[in-house]
Amino acid sequence: MTIKMFGAASLLLAALVFNPAWAQDAPEGERAATGGAQTLEDILRRQEQMKVDDSFRSENLGDPANAAPITEHLGAQGGVSASDTWRAIRYDEINPTTQVRGPAVDVLIQDGGMPWYKLREGPMINYGGGAILGIIALLALFYFLRGKIRIEGGPAGTTIERFKAIERFGHWLLAGSFIALGLTGLITLMGRSFLIPVMGPEAFATMAAGSKWIHNNVAWAFMLGLVMTFVMWVAHNIPNKLDWQWIKAGGGIFTKGHPSAKKFNAGQKIIFWTVMILGFSVSLSGLSLLFPFHLPMFADTFGVINSILGTSFPTDLAPHEEMQYANIWHSIVAFVMMVAIIAHIYIGSVGMEGAFDAMGNGQVDLEWARQHHDLWVEEVQAKQGKGGSS
């Protein structure tokens with residue numbers, strides 16, 4: 001038995017001597033179990049945006065000296081496999097060309113997807129959803145403590161025209177489209193986390209596809225409503241000295257007195273400019289998402305910000321990074337708008353007696369109008385040359 005074991009050992013030693021490739025050192029250290037490839041720890045560290053020693057990959061780009069004969073598998077690769085080629089691309093060791101033409105085709109590897117995904121699925125959902133639930137809870141508490149803001153002394157029983165039909169159409173076009181966009185946007189953003197466990201992946205896939213179609217097409221109605229309301233009301237929303245007095249008085253929300261105001265008070269002006277500015281911004285980012293890679297905005301925007309504020313925002317952005325920034329910004333602005341609009345809906349419905357009539361049928365109670373927009377009532381009555389009742 002001893003002679004047989006000695007013979008086998010001698011044969012193995014001879015094979016290693018005459019075939020050096022068999023005698024390469026086995027991977028040592030933490031990557032021994034993976035044959036020298038990346039480990040689970042490497043993957044997790046990369047996902048956490050932590051530093052990873054990539055030398056085991058960046059220095060392993062293939063060796064032409066190990067090329068197989070042309071008649072064998074991979075022989076035409078010259079000793080470099082497809083994996084070796086992609087590693088060389090990642091570490092900028094070769095300068096490849098492509099015959100494909102189109103947006104973003106020159107970007108073969110882009111590492112920004114994981115940070116974007118984590119921001120979108122984590123803080124975006126948590127803080128955005130928390131803001132919506134927070135404003136709803138705050139308004140519910142306010143209603144419980146303050147109650148509905150009533151018309152002091154009761155309604156007059158006569159009305160005055162507050163908004164014309166075209167104004168109400170523009171308002172409801174903007175409001176209705178925004179509600180549709182908000183709901184479908186929330187389904188798209190949060191559906192995987194909250195709806196799939198409830199309704200299953202198949203039903204959610206149908207809902208998500210429908211939500212995407214609605215979101216993309218209703219966006220045009222939103223932009224039209226935005227333009228209409230801006231043109232019709234911008235002249236009435238220019239800030240003036242009355243606004244500061246209205247703000248100091250808290251708009252009469254916490255007291256029984258109501259500060260003077262024209263057609264729009266300071267609170268309504270704040271809502272107007274919030275909707276106009278953020279609506280314009282969310283429309284631009286939405287157009288960028290509707291037409292991928294054709295409307296880059298953030299590189300130039302960051303350049304302007306850097307020149308003014310001396311910041312160091314990145315200005316050399318890959319097309320995919322532009323899309324990722326557009327997606328994140330679109331969500332942030334939409335959440336801020338939703339918080340503002342929820343507060344606006346509260347005041348215009350259950351929060352204030354008589355307020356909904358302004359956009360319901362265009363006619364508001366004369367006493368309500370005198371208490372909340374006294375200077376506007378005086379202007380209308382002066383033009384009509386009568387008491388203003390109808």
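The values are calculated or read from the model by the stated rules, or taken from the named source; none is laboratory data. Keep in mind that this is a model prediction, so the values were computed, not measured. Here the Cβ positions follow ideal geometry from the backbone for every residue, glycine too, while neighbour counts run over all protein chains shown. Just so you know, the surface numbers come from the protein's heavy atoms only, side chains and all, with ligands and any DNA or RNA stripped out. Shrake-Rupley method; radii C 1.70, N 1.55, O 1.52, S 1.80 Å.
A compact table of results
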read-out: Some residue of segment 226-240 being under 22 Å from the mean Cα position of the chain (by Cα) and not in a helix (DSSP H, G or I); value: no
read-out: Extreme residue, farthest from residue 320 (Cα to Cα), among residues of segment 256-296 that are of a type in the set (A, V, I, L, M, F, W, C), without any contact (Cβ under 8 Å) to a residue 60 or more places away in the chain and open to solvent by 50 Å² or more (accessible area, probe 1.4 Å); value: 270
read-out: Positions within segment 90-122 being within 17 Å of residue 48 (Cα to Cα) and surrounded by 12 or more Cβ atoms within 10 Å (Cβ to Cβ), in sequence order; value: 110, 111, 112, 114, 115, 116, 117, 118, 119, 120, 121
read-out: Qualifying residue in segment 212-221 (condition: in contact (Cβ under 8 Å) with a residue 60 or more places away in the chain and surrounded by 14 or more Cβ atoms within 10 Å (Cβ to Cβ)); value: yes
read-out: Test for residue 193: is it surrounded by fewer than 14 Cβ atoms within 10 Å (Cβ to Cβ), farther than 23 Å from residue 267 by Cβ and out of contact with any His (no Cβ under 7 Å at 6 or more places or on another chain); value: yes
read-out: For residue 311: the one exception among (1) loosely packed, with under 14 Cβ neighbours inside 10 Å; (2) modelled with pLDDT under 95; (3) outside any loop (DSSP other than H, G, I, E, B); (4) under 30 Å from the mean Cα position of the chain (by Cα); value: (3)
read-out: Residue, farthest from the chain's Cα centre (by Cα), within segment 335-380, restricted to residues that are open to solvent by 40 Å² or more (accessible area, probe 1.4 Å) and polar (S, T, N, Q); value: 363
read-out: Residue check for residue 180: in contact with a helix residue (DSSP H, G or I) (Cβ under 7 Å, 6 or more places away or on another chain), surrounded by 14 or more Cβ atoms within 10 Å (Cβ to Cβ) and outside any helix (DSSP H, G or I); value: no
read-out: Scope segment 215-253; condition touching a helix residue (DSSP H, G or I) at 6+ places or on another chain (Cβ under 7 Å) and over 30 Å from residue 188 (Cβ atoms); matching residues; value: 232, 233, 237, 239, 243, 246, 247, 251
